[in-house]
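For reference, the structure discussed in these notes is given below.
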Amino acid sequence: MASTEDKEASKEKASSWKDSIYNPRTGELLGRTASSWALILLFYLVFYCFLAGMFALTMWVMLLTLDDYVPRYRDRIPNPGLVIRPNSLDISFNKSDPLKYADYVKNLETFLQKYNETQQVNHKCVPGDYTVQDDAEGMLKKACPFRRSLLSFCSGISDTNFGYHEGKPCVLLKMNRIIGLMPHGDPYVNCTVKKDNPVQMHYFPKEGRFDKMYFPYYGKKAHENYVQPLVAVKLLLTKEDYNKELAVECKVEGSNLRNNDERDKFLGRVTFRIKVVE
């Protein structure tokens, strides 16, 4: 049996452990009195309020240097990339089965909705000339209309299947938006198929050109109604081309825009594969 001294020592240890959390004799909680805790909490409250104020002041000063319409730094991407629609770099379908190309047709139709006549603002622009607008014309810039009817047989108006049902599919190409871009020369799209025998193609608008009147772009906020110019390419595939995977490369030619940077395969160009099955 434990002696009386052992029991008293055990009680003292238990009491000491409890007192380290709360000592009823001194009123200390975790070794500090209420006034001590109050001073510490007040210090940290003032300290973190000061840090929050400094952060808010820094953000406010930084925001004063920004323009709502024009980014402060615009030199990271001086040349645009080339983008393809339908949104796939591997187009494969059976021209005899509408379900196989339905997603491509739907993607093109959805994309072209903003190019409908009812969505376009009828501003008059001069073809072949840049549409330069200064601040005197207002913060909101006029946007030159690009109507889907300019894409002719690839507009989805006369042919709602965009040529996929006949094995002569259409693809749409556009350049990424870059604020202030004014390409020198006369930019146009040129596509080639990597095979021995060339594949005939039709370009819409004529000669696959990006008209200068759609440049420059002034930013999403200033150019609310802006739509990018498009180039449609209709691949006139024949039976000889069916059941083969063809690699197609399209580039922006005729201007100072870069299209041969090996570090970026999408800078001024895009390569995609297409396979049509009978």
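The values are calculated or read from the model by the stated rules, or taken from the named source; none is laboratory data. Since the model is a prediction, treat every value here as computed from it, not as a measurement. Heads up, the Cβs are rebuilt from the backbone with ideal geometry, glycines too, and the neighbour counts pull from every protein chain shown. All accessible areas refer to the heavy atoms of the entire protein, side chains included, with ligands and DNA or RNA removed. Shrake-Rupley method; radii C 1.70, N 1.55, O 1.52, S 1.80 Å.
Can we say F210 is modelled with pLDDT of 90 or more, of a type in the set (A, V, I, L, M, F, W, C) and farther than 23 Å from F162 by Cβ? For F210, the condition - modelled with pLDDT of 90 or more, of a type in the set (A, V, I, L, M, F, W, C) and farther than 23 Å from F162 by Cβ - is not met. Checked against the criteria, Y203 does not count as assigned to a loop (DSSP other than H, G, I, E, B), open to solvent by 10 Å² or more (accessible area, probe 1.4 Å) and closer than 30 Å to N116 by Cβ. Give K168, K141, K174 a once-over and let me know the one that is among the basic types (K, R), within 22 Å of the chain's Cα centre (by Cα), within 30 Å of A102 (Cβ to Cβ) and buried (at least 18 other Cβ atoms within 10 Å of the Cβ). Sole residue among the options that is among the basic types (K, R), within 22 Å of the chain's Cα centre (by Cα), within 30 Å of A102 (Cβ to Cβ) and buried (at least 18 other Cβ atoms within 10 Å of the Cβ): K174.
Residues in region 161-201 that are among the aliphatic types (A, V, I, L, M) and in contact with a Pro (Cβ under 9 Å, 6 or more places away or on another chain) were compared, and the one that is nearest to K251 (Cα to Cα) is M175. Across region 241-254, not a single residue is classified as free of Cβ contacts under 8 Å to residues at least 24 places away in the same chain and surrounded by fewer than 21 Cβ atoms within 10 Å (Cβ to Cβ). Among the residues examined, K194 does not qualify as touching a Leu at 6+ places or on another chain (Cβ under 7 Å), open to solvent by 30 Å² or more (accessible area, probe 1.4 Å) and within 26 Å of K95 (Cβ to Cβ). Of the residues screened, V233 is one that is touching a His at 6+ places or on another chain (Cβ under 8 Å) and either closer than 18 Å to Y104 by Cβ or without any contact (Cβ under 8 Å) to a residue 24 or more places away in the chain (or both). Within region 225-241, can one find any residue that is small (G, A, S) and at pLDDT 95 or above? Among the residues of region 225-241, at least one is small (G, A, S) and at pLDDT 95 or above, which makes the answer yes.
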